[in-house]
Amino acid sequence: GKVLFCPQFVMPTSGRRMQKQGFLKMASIYFINYFSILFSGKPITKGYKDIR
C-alpha cells in the first residue's frame, strides 16, 4: 500500500528516554501503539513515565 507522511503525527521523545529504555523497547512500544490505533482507534499505553 501507499505510505503517507503527516506532520501532525509526531511523537516527541528525549535522549534521556532513549538512553534509559533503549531503542528497541521504545520502538516496540511505538510499533504496538501504531497498530492499536490503526485497528481499535486508541493506543494501548495510557501514558509515559517521567525519566529524569
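Quick notes on this one:
- For the range 13-39, filtering for residues that are assigned to a loop (DSSP other than H, G, I, E, B) and either modelled with pLDDT of 85 or more or open to solvent by 100 Å² or more (accessible area, probe 1.4 Å) (or both) leaves 1.
- Residues of the range 40-52 that turn out to be of a type in the set (Asp, Glu) and open to solvent by less than 100 Å² (accessible area, probe 1.4 Å), as a count: 0
The values are calculated or read from the model by the stated rules, or taken from the named source; none is laboratory data. Because the structure is a prediction, the values reported are computed rather than measured. All accessible areas refer to the heavy atoms of the entire protein, side chains included, with ligands and DNA or RNA removed. Shrake-Rupley method; radii C 1.70, N 1.55, O 1.52, S 1.80 Å.
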